[in-house]
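Novice: After the structure tokens below, expect a handful of questions from me.
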Amino acid sequence: MRIQDIQVGEIEIPLKKPFKTALREVNVLENVVVKIITDTGNIGYGEAAITPVITGDIMGSIKWAILEHIGPKLIGKSIENFEELMYLLDNSLINNPSPKAAVDMALYDLYGQLYKLPVYKLLGGYRNEIITDITISVNEPDEMAQDSLNAVKRGYKTLKIKVGRDWKKDLERLKVIRQAIGHDVRIRVDVNQGWKPKEAVMIIRKMEDLGLDIELVEQPVKANDLKGLKFVTDNVTLPILADESCFSPLDAINIIQNRASDMVNIKLMKAGGIHNALKICHIAEVFGVECMIGCMMESKIGLTAASHLAGGKMNITKFDLDSPNLLAEDPIYGGSQYDEYKITLTEKPGLGFDKIEDVIYD
């Protein structure tokens with residue numbers, strides 16, 4: 001099975017309602033889809049999310065990276081020589097994790113097809129069902145409380161609450177939400193770099209004193225402020241999760257060795273795909289640090305790849321793979337099966353896609 005052609009296209013899917021964080025607002029998913037075609041007729045699919053405020057990757061740069069820098073190094077190569085493919089991909093250009101992630105997903109899809117196994121079994125086969133949280137966008141407190149109640153009514157047991165724009169209102173948001181949903185539902189707080197270190201300590205201590213029963217706080221300070229992140233971790237009781245601070249395996253080593261956070265959040269768009277995400281997972285496991293797996297605003301293409309990684313590895317213990325549930329349409333046939341909070345991995349080879357509609361290829 002040799003790589004014959006690599007194509008890129010665009011996919012647009014409207015959201016059910018605007019997705020709002022401390023960093024951005026999204027109304028329509030606009031991403032790049034990668035299709036790798038082999039001489040046997042097998043096709044592998046991958047996806048790159050457009051997240052300039054986090055990865056720096058935009059539509060044009062993603063396409064250019066794949067077509068001009070990554071693709072030429074892979075055409076004609078055998079899927080059997082998987083380690084060589086990963087080496088060529090990682091060294092095709094510096095940074096640019098999202099286009100690398102898209103190609104990586106498609107290669108893993110083909111690797112599974114080659115050996116007639118679902119990717120999660122190639123990665124360890126630990127579980128075939130995942131329970132995800134759901135994200136509540138930052139809005140006025142009453143609207144967030146209503147969104148939280150609606151999610152609980154649909155069966156969600158863990159909510160990820162976006163904050164970070166106004167700390168006083170953030171506390172009000174959390175109080176109103178906790179009052180609305182009671183204490184049988186877990187709350188995770190995602191700050192998206194919205195606070196300064198001393199401010200974060202003060203706010204988190206207030207959360208603790210108010211008895212809001214928060215499970216963890218994600219990325220309270222700027223991504224490159226590792227000392228600030230450590231300051232927060234050292235001075236609060238609640239677990240701190242590093243997200244935007246942790247892109248690469250080297251980032252994971254620096255965070256864990258410095259105890260800058262209690263956990264790390266793996267995202268394929270940050271790591272550059274499954275291959276490097278596995279390294280992060282293994283590094284964390286060696287140090288006894290648990291991982292969450294998260295996502296950008298991705299369709300079921302990217303989330304199928306992420307869920308197969310989550311299915312393979314025991315050390316990934318928390319799951320934030322909800323973005324397909326935020327979309328108004330699903331043009332992806334096959335892949336992981338979503339039933340609100342429950343994600344089921346199928347036994348189809350590779351990532352298990354049947355057909356992907358509404359992609360406009362260049």
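The values are calculated or read from the model by the stated rules, or taken from the named source; none is laboratory data. Fair warning: this is a prediction, and the values are worked out from it, not measured in the lab. Counting neighbours? That spans all protein chains shown, and the Cβs are built from the backbone with ideal geometry, glycine included.
Novice: For a quick check of your reading: which strands (runs of 3 or more DSSP E) sit entirely within the range 1-95 and have at least 3 residues that are surrounded by 13 or more Cβ atoms within 10 Å (Cβ to Cβ) and in contact with a Leu (Cβ under 7 Å, 6 or more places away or on another chain)? Quick ask: steps written out before the conclusion?
Specialist: Values: elements: 3-20, 25-38, 43-48.
Of the strands (runs of 3 or more DSSP E) lying wholly inside the range 1-95, those with at least 3 residues that are surrounded by 13 or more Cβ atoms within 10 Å (Cβ to Cβ) and in contact with a Leu (Cβ under 7 Å, 6 or more places away or on another chain) span 3-20, 25-38.
Novice: Further question: With Leu241, Leu229, Leu321 as the choices, which residue is assigned to a helix (DSSP H, G or I) and either in contact (Cβ under 8 Å) with a residue 24 or more places away in the chain or under 29 Å from Ala65 (Cβ atoms) (or both)?
Specialist: Unique residue meeting the criteria: Leu229.
Novice: Looking at this structure, is Val176 at pLDDT 95 or above and touching a Pro at 6+ places or on another chain (Cβ under 8 Å)?
Specialist: yes
Novice: Here is a follow-up. Tell me which residues, restricted to the range 141-169, are assigned to a loop (DSSP other than H, G, I, E, B), surrounded by fewer than 18 Cβ atoms within 10 Å (Cβ to Cβ) and at pLDDT 95 or above.
Specialist: Listed by number, the residues that qualify are Arg154, Gly155, Lys157.
Novice: Would you check if there is a residue in the range 91-100 being modelled with pLDDT of 95 or more, under 20 Å from the mean Cα position of the chain (by Cα) and closer than 15 Å to Ile36 by Cβ?
Specialist: yes
Novice: Just a yes or no: is a residue in the range 120-132 aromatic (Phe, Trp, Tyr) and surrounded by fewer than 17 Cβ atoms within 10 Å (Cβ to Cβ)?
Specialist: yes
Novice: Just checking, how many residues over the range 300-338 are over 11 Å from the mean Cα position of the chain (by Cα), over 19 Å from Asn276 (Cβ atoms), small (Gly, Ala, Ser) and surrounded by 19 or more Cβ atoms within 10 Å (Cβ to Cβ)?
Specialist: Count: 2.
Listed here are the residues, each with its yes/no results for (1) touching a residue at least 40 places away in the same chain (Cβ under 8 Å); (2) β-branched (Val, Ile, Thr); (3) under 27 Å from Trp195 (Cβ atoms); (4) part of a strand (DSSP E or B).
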| position | (1), (2), (3), (4) |
| --- | --- |
| Asn224 | no, no, yes, no |
| Ile253 | no, yes, yes, no |
| Met292 | yes, no, yes, yes |
| Ser307 | yes, no, no, no |
| Thr317 | no, yes, yes, yes |
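Novice: Pick from the range 277-293 the residues that are among the aliphatic types (A, V, I, L, M) and within 16 Å of the chain's Cα centre (by Cα): which of them is nearest to Leu123 (Cα to Cα)?
Specialist: My answer is Leu278.
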